[in-house]
Amino acid sequence: MGRLGTVVKVAAIAGPAIWRVVQALGPTLLRLRRENPEVFAAVEKQITRLGEARRKGRSTEGLRLRISALRDQVAYLRASADDDGERARAEAWRTQLDRIEASLPLLGAMSEKAARRERKHIDQRIDTLSGQILAAFIDEQDEDARLDRTPQIES
């Protein structure tokens, strides 16, 4: 069974948006850990991936790893969507992640100062999306566990 202390430590490293989500959804995480350790482990894995990617800093590799972790969460949300609103929200996040990822190669063509400024902007955008997507991912995992269903994730 996963440990909540580990999740809290990793969330602190993963960035302020992730930290706020873990704080806000702490009671849900505690319940998941107790009642459904498999679901808690899935959430823990995603938070750990975000934390590990964040450790790479604002490097292009670190930004890509964070986008990849978020893509997996969005794929789950899309597959688990219960209505058109949830599907549209997941698609909007997917589109935003696509746009961010498409901008990464341009960093190499910029001056060092401009690239540093743009990396900071991209980092902040990913932080915002991370908080939104992770909160929805945890809520959806919790809902699916309560309804005893597991969505098939589309590739």
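The values are calculated or read from the model by the stated rules, or taken from the named source; none is laboratory data. Just so you know, these numbers come straight off a predicted model, no measurement behind them. Cβ placement follows ideal geometry from the backbone for every residue including glycine, while neighbour counts extend to all protein chains displayed. With ligands, DNA and RNA removed, areas are computed over all heavy atoms of the protein, side chains included. Shrake-Rupley method; radii C 1.70, N 1.55, O 1.52, S 1.80 Å.
One table, with the values for the structure above:
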quantity: Selection within segment 21-48 - under 16 Å from Gln132 (Cα atoms) and within 13 Å of the chain's Cα centre (by Cα); calculated: Val21, Val22, Val43, Gln46, Ile47
quantity: Residues that are open to solvent by less than 50 Å² (accessible area, probe 1.4 Å) and more than 18 Å from Ser103 (Cβ to Cβ), drawn from segment 70-84; calculated: Gln73, Ala75, Tyr76, Leu77, Ala79, Ser80, Ala81
quantity: Residue selected from segment 107-122 under the condition in contact with a helix residue (DSSP H, G or I) (Cβ under 8 Å, 6 or more places away or on another chain) and surrounded by fewer than 15 Cβ atoms within 10 Å (Cβ to Cβ), by the criterion nearest to Ser59 (Cα to Cα); calculated: Gly108
quantity: Enumeration of residues in segment 1-18 that are farther than 25 Å from Gln124 by Cβ and either touching a helix residue (DSSP H, G or I) at 6+ places or on another chain (Cβ under 6 Å) or not basic (Lys, Arg) (or both); calculated: Met1, Gly2, Leu4, Gly5, Thr6
quantity: Tally, over segment 121-155, of residues that are over 20 Å from Arg49 (Cα atoms) and at pLDDT 95 or above; calculated: 1
quantity: Any hit, segment 45-68, residues being closer than 20 Å to Glu143 by Cβ and open to solvent by 30 Å² or more (accessible area, probe 1.4 Å); calculated: yes
quantity: Subset tally (residues that are touching a residue at least 24 places away in the same chain (Cβ under 8 Å) and open to solvent by 70 Å² or more (accessible area, probe 1.4 Å)) for segment 85-106; calculated: 1
quantity: Index of the failed condition, Thr60 passing every other in (1) free of Cβ contacts under 8 Å to residues at least 40 places away in the same chain; (2) of a type in the set (Ser, Thr, Tyr); (3) out of contact with any Asp or Glu (no Cβ under 9 Å at 6 or more places or on another chain); calculated: (1)
quantity: Selection status of Val21, part of a helix (DSSP H, G or I), within 28 Å of His121 (Cβ to Cβ) and modelled with pLDDT under 90; calculated: no
quantity: Qualifying positions in segment 106-146 - closer than 19 Å to Thr95 by Cβ and outside any helix (DSSP H, G or I); calculated: none
quantity: Residues of segment 21-44 classified as touching a helix residue (DSSP H, G or I) at 6+ places or on another chain (Cβ under 6 Å) and open to solvent by 40 Å² or more (accessible area, probe 1.4 Å), total; calculated: 1
quantity: Segment 32-43 residues that are at negative phi, paired with ones that are of a type in the set (Lys, Arg) (beta carbon under 8 Å, 6 or more apart); calculated: Phe40/Arg33
